[in-house]
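Peer 1: Quick one: this structure, given as structure tokens, is what I'll be asking you about.
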Amino acid sequence: MPHATLNDIQMHYEIDGDGTPLVLIAGMLSDSASWGPLVAPLSERHTVIRPDNRTTGRTEPKLAPTSPQQNASDILALMDHLQIKRAHVVGHSMGGYIASEFAALAPKRTISLTLLCSAPLNLKRSWHLFQNLCDIRAQGPEGLWLRCLFPWLFHHRFFDQPDQIEGAVAASLAYPYAQSLDAMQHQLNALKTYVPTNITNKQNLPILALLAQNDLIVPHAEALDLLSQIPHSQVQTIPHSGHSVHWDAPADVLAHLTAFLKEHDNDI
């Protein structure tokens, strides 16, 4: 269970495999465990590094100042700590904000940038949703907020099996490092005012964007329009998938991602 003292936090991170470094940055409410289906396959060719962002997992203190820019600075400090000169950087949802900020902060340390269900837009609807979830979590029965969240995360096929839904709720409630309500609200307050970085790609950085066809949080059409304007970028749409695209369609995500990483592994 490696930890590193970085900036003003004690960061927990997981590291697996061997090969070209690959940093996986989790989205809102999530930590290093959220990459489950992708870790083993990616570890076959890469040193996979999964940090717990500020406010999440085993990173302390839970209520340290937070923003995508601060999290990006933490990633850079972690790479220095691990003596990693350059890495592929992948971010899901809010993790895409952090990954983009990292690429802007340290372009020479970034081999490639991959965004999963993420784009440079910050919709007030999203923060209205997450504030409602915070309020439900504070006042409602245990687990109700998760049942309200899941339809926004997963493709509708997920709900065809009631046992799967209850299993996911039970697993989330049993997870010993789940984000607390206070930390959830703290993270949300910071993101409400975040202005996404303008990814102009002046560094000619290879960029892959994987969008979910049925994403309810990052609207496909708007994200596609923004991302398609970025030079030297590839944009792919994963069919039959929701916002948690790497859980809905891990094989499709891996097919696109591994091909892209392999193409640029020698760019170090």
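The values are calculated or read from the model by the stated rules, or taken from the named source; none is laboratory data. All of these numbers come straight from a predicted model, not from anything done at the bench. Neighbour counts run over all protein chains shown; Cβ positions are idealised from the backbone, glycine included.
Peer 1: Identify, by number, the condition in (1) over 24 Å from residue 209 (Cα atoms); (2) touching a Phe, Trp or Tyr at 6+ places or on another chain (Cβ under 7 Å); (3) not hydrophobic (A, V, I, L, M, F, W, C) that residue 32 doesn't meet.
Peer 2: (1)
Peer 1: For segment 51-74, does any single residue satisfy the condition of being at pLDDT 95 or above, within 20 Å of residue 260 (Cβ to Cβ) and not aromatic (Phe, Trp, Tyr)?
Peer 2: No, because not a single residue in segment 51-74 is at pLDDT 95 or above, within 20 Å of residue 260 (Cβ to Cβ) and not aromatic (Phe, Trp, Tyr).
Peer 1: Hey, another quick one. Kindly indicate the residue of segment 36-78 that is of a type in the set (D, E, K, R) and touching a His at 6+ places or on another chain (Cβ under 6 Å) and also nearest to residue 265 (Cα to Cα) among those meeting that condition. Even if it seems obvious, please write down each step before you answer.
Peer 2: At the first step, the residues of segment 36-78 found to be of a type in the set (D, E, K, R) are 44-45, 50, 52, 54, 58, 60, 62, 74.
Right, trim to touching a His at 6+ places or on another chain (Cβ under 6 Å) and you get 52, 58.
Values: 52: 25, 58: 30 Å.
If we take residues in segment 36-78 being of a type in the set (D, E, K, R) and touching a His at 6+ places or on another chain (Cβ under 6 Å), then 52 is nearest to residue 265 (Cα to Cα).
Peer 1: Which residue out of 183, 212, 178 is touching a Gly at 6+ places or on another chain (Cβ under 6 Å) and modelled with pLDDT of 95 or more? Break it down stepwise before answering.
Peer 2: Working: 183 fails: touching a Gly at 6+ places or on another chain (Cβ under 6 Å); 178 fails: touching a Gly at 6+ places or on another chain (Cβ under 6 Å).
Being touching a Gly at 6+ places or on another chain (Cβ under 6 Å) and modelled with pLDDT of 95 or more holds for just one of 183, 212, 178, which is 212.
Peer 1: Separate question: Looking only at segment 54-84, how many residues end up being in contact with a Phe, Trp or Tyr (Cβ under 9 Å, 6 or more places away or on another chain), of a type outside the set (Gly, Ala, Ser) and part of a loop (DSSP other than H, G, I, E, B)?
Peer 2: Going through segment 54-84 one residue at a time, the tally reaches 4.
Peer 1: Could I ask something else about it? Just wondering, is there one or more residues in segment 198-207 that are part of a helix (DSSP H, G or I), of a type outside the set (Asp, Glu), surrounded by fewer than 15 Cβ atoms within 10 Å (Cβ to Cβ) and under 19 Å from the mean Cα position of the chain (by Cα)? Quick ask: steps written out before the conclusion?
Peer 2: Just the residues of segment 198-207 that are part of a helix (DSSP H, G or I), to begin with: none.
Checked against the condition, which is being part of a helix (DSSP H, G or I), of a type outside the set (Asp, Glu), surrounded by fewer than 15 Cβ atoms within 10 Å (Cβ to Cβ) and under 19 Å from the mean Cα position of the chain (by Cα), segment 198-207 yields no hits at all.
Peer 1: How do the pairs read when you match residues in segment 120-133 that are touching a residue at least 24 places away in the same chain (Cβ under 8 Å) with residues anywhere that are loosely packed, with under 15 Cβ neighbours inside 10 Å, using Cβ under 6 Å and keeping only pairs 6 or more apart or on different chains?
Peer 2: Close Cβ pairs (under 6 Å, with a partner that is loosely packed, with under 15 Cβ neighbours inside 10 Å) amount to 127/192.
Peer 1: Moving on to the next point. If you scan segment 227-268, which residues turn out to be under 30 Å from residue 85 (Cβ atoms) and without any contact (Cβ under 8 Å) to a residue 12 or more places away in the chain?
Peer 2: 255, 259, 266
Peer 1: Please give the number of the condition residue 4 fails out of (1) outside any strand (DSSP E or B); (2) in contact with a Leu (Cβ under 7 Å, 6 or more places away or on another chain).
Peer 2: The number of the failed condition is (1).
Peer 1: Related question: Which of the residues spanning segment 45-64 are of a type outside the set (Lys, Arg), over 13 Å from residue 179 (Cβ atoms) and touching a residue at least 60 places away in the same chain (Cβ under 8 Å)?
Peer 2: Across segment 45-64, the qualifying residue is only 46.
Peer 1: Could you check how many residues of segment 91-114 are assigned to a strand (DSSP E or B) and out of contact with any Phe, Trp or Tyr (no Cβ under 9 Å at 6 or more places or on another chain)?
Peer 2: 1
Matching residues to (1) closer than 30 Å to residue 199 by Cα; (2) in a helix (DSSP H, G or I); (3) among the aliphatic types (A, V, I, L, M); (4) out of contact with any Cys (no Cβ under 9 Å at 6 or more places or on another chain):
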| site | (1), (2), (3), (4) |
| --- | --- |
| 122 | yes, no, no, yes |
| 126 | yes, yes, no, yes |
| 131 | yes, yes, no, yes |
| 134 | no, yes, no, yes |
| 142 | no, no, no, yes |
| 158 | no, yes, no, yes |
| 163 | no, yes, no, yes |
| 167 | no, yes, no, yes |
| 170 | no, yes, yes, yes |
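Peer 1: I've got another one for you. Return the only residue of 224, 210 being touching a Cys at 6+ places or on another chain (Cβ under 8 Å) and either without any contact (Cβ under 8 Å) to a residue 12 or more places away in the chain or surrounded by 14 or more Cβ atoms within 10 Å (Cβ to Cβ) (or both). Break it down stepwise before answering.
Peer 2: Numbers: 224 fails: touching a Cys at 6+ places or on another chain (Cβ under 8 Å).
After ruling out the rest, the residue left standing is 210.
Peer 1: With (1) assigned to a loop (DSSP other than H, G, I, E, B); (2) modelled with pLDDT under 95; (3) buried (at least 16 other Cβ atoms within 10 Å of the Cβ) as the list, and residue 229 as the residue in question, which single condition is left unmet?
Peer 2: For residue 229, the exception is condition (3).
Peer 1: Another question about this same structure. Among all residue pairs at least 6 apart or on different chains, which show Cβ distances below 7 Å where the first residue, located in segment 7-30, is under 20 Å from residue 264 (Cα atoms) and crowded, with 16+ Cβ neighbours inside 10 Å and the second is modelled with pLDDT under 95 and not hydroxyl-bearing (Ser, Thr, Tyr)?
Peer 2: 20/265; 20/268
Peer 1: Looking only at residues that are out of contact with any strand residue (DSSP E or B) (no Cβ under 8 Å at 6 or more places or on another chain) and surrounded by 16 or more Cβ atoms within 10 Å (Cβ to Cβ) in segment 106-121, which one is modelled with the lowest pLDDT?
Peer 2: 120
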